[in-house]
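Novice: If you scroll down you'll find the structure; I have some questions about it.
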Amino acid sequence: MNQYDEKERTFAALPPARGRGFALTWWGRAWLKALEDAALDAEQVKTGRRLARAGAVGAVSVRPGRITAVVQDRDGTAHRADVLLEELSAEHWDRFLEMAVERAGHVAALLDREMPPHLVEDAATAGVDLLPGMGDLEPTCDCGAWDHCGHTAALCYQVARLLDEDPFVLLLMRGRGERALLGDLQTRSAAPAQERAEEHAELEGVEALEAYAAGDILPPLPTPPELPAEPGLPPSLDTEAPPAPGVDTAALEFLAARTVVAAHRLLSEALRAGVAVDELTVAQDAARLAAGAPERFVAERLAEGSGRGPGELASAVRAWQYGGMAGLSVLEEEWSVEGETLARARAALEAAWDDDERPELQARGNRWTVADGRGQLRLGRDGRWWPYRNEGGRWVPVGGADRDPATALAATEGVRMEEAR
């Protein structure tokens, strides 16, 4: 229960939060991130989390620019804790309201007590930061601490639970109560509707034949977005809530991190005109994921899921690291070199060395093996040569591809010299 007022809302003390996280929504986690990133003493943050989890935070008062509660220490000593958050200016509220009325989905989401990311992103584009950032949560407590103490941290953790249930709590902190905000939205929504009705009344009709003839005239596509300099970071799964049965959070975090990298690569390829984006098979994708150096149990699951043993997966990872899809294809595919392709391959091998330096090579399909059995050249379908070396009875890639077979074969010699040191 909470007492509702346009200028202040008071929420009754919440029960202990044992066995659950404080922030289950993305905006609740963003609120806590503002606390955790700015606090100078991580131990005070942990203390606050323990106090909030134990139910030591009393009724929470929320009003524009401030949240307040009485927090009890373990010894029963009570302290008044306040956290200040700057209110939005009248100009910022005008920008937010104009943005919201242009997108009906934003208003509907708020009425459903949701705060979708695109609402916050659109607001930020309009120059309005709804969620607090690092340093925006200003603490004050009668315990005398000058930074976030356990009491103000506990208050922030408790408010994260309130935000999960109702994002209007955040909007009240920013300066507008729910009724006033919805009233402003309704007023602004009605004005454009009336203006459109008046405009339509003045418009002359258009012949159906004319409208149909112009139906295939489409506006030009927007300019593609710029490629981010590097992949982003997936959301953290480090919460207080225990995972659901069967959910391996470590494996999920690894998968999310590698997916972000893959998405960046796909976007990079898609933005390059005329470059087709290859679709990976399950086995190829397993090699891509394993190239991210997962923990051992994740690597074992990837090997099993792709039908490989640990050694085979290690070879596939090497191939992926040296050449991506092309490198994997050369590792796994053996094909017959015939006709013009064979003639070009032989010419390249002839020209790569002087007669007295040319190694003895035994050909089998697209694979030329040095007579001593330790080095091998593999020809890719694009005409490049890939260096391989025999390690423990298995041929493994030892470098990237090269148009010159001698340069590629030298990579296997380099490995041999490293082993001899």
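The values are calculated or read from the model by the stated rules, or taken from the named source; none is laboratory data. Keep in mind that this is a model prediction, so the values were computed, not measured. No Cβ is skipped: glycine too gets one built from the backbone with ideal geometry, and neighbour counts run over all protein chains shown. Side chains are part of the model used for accessible areas, which takes the heavy atoms of the whole protein and leaves out ligands, DNA and RNA. Shrake-Rupley method; radii C 1.70, N 1.55, O 1.52, S 1.80 Å.
Novice: Quick one: count up the residues across region 85-99 that are surrounded by 15 or more Cβ atoms within 10 Å (Cβ to Cβ) and either touching a His at 6+ places or on another chain (Cβ under 6 Å) or hydrophobic (A, V, I, L, M, F, W, C) (or both).
Specialist: 6
Novice: Which one of A54, A12, A78, A59 is farther than 19 Å from G150 by Cα, at pLDDT 85 or above, surrounded by fewer than 19 Cβ atoms within 10 Å (Cβ to Cβ) and of a type in the set (A, V, I, L, M)?
Specialist: Details: A54 fails: farther than 19 Å from G150 by Cα; A78 fails: farther than 19 Å from G150 by Cα; A59 fails: farther than 19 Å from G150 by Cα.
On inspection, the qualifying residue turns out to be A12.
Novice: Residue under question is A303, and the condition is that it be on the phi < 0 side of the Ramachandran plot and either among the acidic types (D, E) or touching a Leu at 6+ places or on another chain (Cβ under 7 Å) (or both); does it hold?
Specialist: Working: on the phi < 0 side of the Ramachandran plot: yes; either among the acidic types (D, E) or touching a Leu at 6+ places or on another chain (Cβ under 7 Å) (or both): yes.
Yes: the conditions hold for A303.
Novice: Those residues that are over 36 Å from the mean Cα position of the chain (by Cα) and open to solvent by less than 10 Å² (accessible area, probe 1.4 Å), I need them from region 389-406; list them, please. Lay out the reasoning, then the answer.
Specialist: As a first pass, look at region 389-406 and keep what is over 36 Å from the mean Cα position of the chain (by Cα): 389-395, 403-406.
Selection gives R389, P405.
Novice: Quickly run through region 305-319 and pick out the residues that are in a helix (DSSP H, G or I), open to solvent by less than 40 Å² (accessible area, probe 1.4 Å) and either of a type in the set (D, E, K, R) or without any contact (Cβ under 8 Å) to a residue 40 or more places away in the chain (or both).
Specialist: Step one: of region 305-319, the residues in a helix (DSSP H, G or I) are 305, 310-319.
Next, only the ones that are open to solvent by less than 40 Å² (accessible area, probe 1.4 Å) stay: 311, 313, 315-317, 319.
Scanning region 305-319 gives L313, A316, V317.
Novice: May I ask you to verify whether V70 is surrounded by fewer than 19 Cβ atoms within 10 Å (Cβ to Cβ) and either of a type outside the set (D, E) or in contact with a helix residue (DSSP H, G or I) (Cβ under 7 Å, 6 or more places away or on another chain) (or both)?
Specialist: So V70 fits the description; yes.
Novice: For region 281-295, which positions are without any contact (Cβ under 8 Å) to a residue 24 or more places away in the chain and part of a helix (DSSP H, G or I)?
Specialist: Filtering region 281-295 for residues without any contact (Cβ under 8 Å) to a residue 24 or more places away in the chain gives 281, 285, 293.
Result: D285, single match.
Novice: Criterion first (within 21 Å of T10 (Cα to Cα) and in contact with a Cys (Cβ under 8 Å, 6 or more places away or on another chain)) does W31 satisfy it? Please lay out each step first, then the result.
Specialist: Working: within 21 Å of T10 (Cα to Cα): yes; in contact with a Cys (Cβ under 8 Å, 6 or more places away or on another chain): yes.
Considered against the rule, which asks whether it is within 21 Å of T10 (Cα to Cα) and in contact with a Cys (Cβ under 8 Å, 6 or more places away or on another chain), W31 comes out as yes.
Novice: What's the number of the only condition in (1) under 39 Å from the mean Cα position of the chain (by Cα); (2) surrounded by 19 or more Cβ atoms within 10 Å (Cβ to Cβ) that D382 fails to meet?
Specialist: (2)
Novice: How do the pairs read when you match residues in region 218-245 that are under 30 Å from A17 (Cα atoms) and at pLDDT 70 or above with residues anywhere that are among the hydrophobic types (A, V, I, L, M, F, W, C) and not in a loop (DSSP other than H, G, I, E, B), using Cβ under 6 Å and keeping only pairs 6 or more apart or on different chains?
Specialist: Here the result reads P234/A256; P234/A257; P234/V260, each pair linking region 218-245 to a residue that is among the hydrophobic types (A, V, I, L, M, F, W, C) and not in a loop (DSSP other than H, G, I, E, B).
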